[in-house]
Amino acid sequence: MKILLKEIAKQAGVSEATVSRVINKTVPVSPAMEQRVFDAVQTLGADLSANKIKRNRTGDKPLVIGLIVSDLSNPFFEVVMRGVVSEAQFYDYGVQIFETNEDLATENRIFELIPRFQLGGLIICASGVSDSKLIAFFTRTKIPLVVLNRLINYPQINCITIDHHKAMYQAAMHLINLGHKRIAYLSGPSKREPSISRGNGIREALKQSGLELSSELCVSSFPNEEGGFHAMISLLALPKAKRPTGVIAFNDLIALGAMRAIRTKNLRIPEDISVVGNDNIEMAIHCYPALTTISPPKNYLGKLAVQTINSVLQNHGEETPNGFIQIEAPLTLRYSTGVAPN
């Protein structure tokens, strides 16, 4: 008797991925969780052999999901991609990756080409296309969409976001508690929603503390190291009395570029200027000093996106109950932040 993974998962009250781990013994799970799976299998009368458990596929046709990313060289997207690919392999899905290079014309062209690929679903990570165009694309193609780190106000487009507002609020409060009053925000692509939500979190913390984020301390840039370097150089050109003593960056790459600029001016981190990043990429712990940063669950983000696509496919494209999922990201304290200078 062949049983679908989702039937076992539903009976056990766990995810399909957990059932797979128990069956295939790929990743250890807690004894209690394992027992729940065994109990569900026994209740359903299933054979616990991996080849007797069917994955949730509706047919024999190979299915490919697409993944749009802005920059393949960005370590954040690399880890998200690993999560997507590993979870897709579990469901026997292929993955087609599209790179926009942070260029809106390229991205628009990709959306024009995607219908030719006959994708079963599409995960969009860091898109510059407007909400209205994404909604129009979905209504025209009916391809199940999952949008990461952005909220689209349309029930059938699933969105998974990091609570960047809360995370940046915590980062700003960390600096404020260390005595910093002049705090800058290296905002990356400042007109995009992810940058705006981050900035609003910083502003809320500053406002609660009787401070503000002045326009001259909010600098946009390309979201990479070079962009962070030039943005920080512009801040360091300010008179010393206006120069920030604390900097919060849109992402870790910008933060690393900012740290290089600070050292170029013979200033010390964190004695002269504290720096906070966002993403907790691998380089964050290996730079000097190790970077205080926000730590989103990047791999899990990719896995959850694929699970959501699979859920939509199993519901035959109907709206899923969890159309919007928000994930918290803690602040990881290291050595790039310290007490504000006198």
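The values are calculated or read from the model by the stated rules, or taken from the named source; none is laboratory data. Small disclaimer: the values here were computed from a predicted structure and weren't measured. Please note: Cβ atoms are built from the backbone with ideal geometry, for glycine as well, and neighbour counts cover all protein chains shown.
Brief remarks follow.
- If you go through the stretch 147-172 and keep only what is more than 20 Å from GLY201 (Cβ to Cβ) and either assigned by TED's automatic domain parsing to the domain that holds GLU204 or touching a residue at least 40 places away in the same chain (Cβ under 8 Å) (or both), you end up with PRO155, GLN156, ILE157, ASN158.
- So VAL64, is it free of Cβ contacts under 8 Å to residues at least 60 places away in the same chain and either part of a loop (DSSP other than H, G, I, E, B) or within 29 Å of GLU16 (Cβ to Cβ) (or both): yes
- Within the stretch 223-279, considering residues that are in a loop (DSSP other than H, G, I, E, B) and among the charged types (D, E, K, R), the one farthest from the chain's Cα centre (by Cα): LYS240
- Sole residue being touching a Gly at 6+ places or on another chain (Cβ under 8 Å), more than 13 Å from PHE324 (Cβ to Cβ) and buried (at least 20 other Cβ atoms within 10 Å of the Cβ), chosen from ALA205, ALA167: ALA167
- Residues of the stretch 157-192 classified as in a strand (DSSP E or B) and under 15 Å from CYS125 (Cβ atoms), total: 6
- Residue in the stretch 61-72 that is closer than 21 Å to LEU145 by Cβ and at pLDDT below 85 present: yes
- Selection count, the stretch 135-178, where residues are under 18 Å from the mean Cα position of the chain (by Cα) and over 22 Å from SER295 (Cβ atoms): 4
- Residues (over 23 Å from SER127 (Cβ atoms) and without any contact (Cβ under 8 Å) to a residue 60 or more places away in the chain) located in the stretch 220-251: PHE229, HIS230, MET232, ILE233, SER234, LEU235, LEU236, ALA237, LEU238, PRO239, LYS240, ALA241
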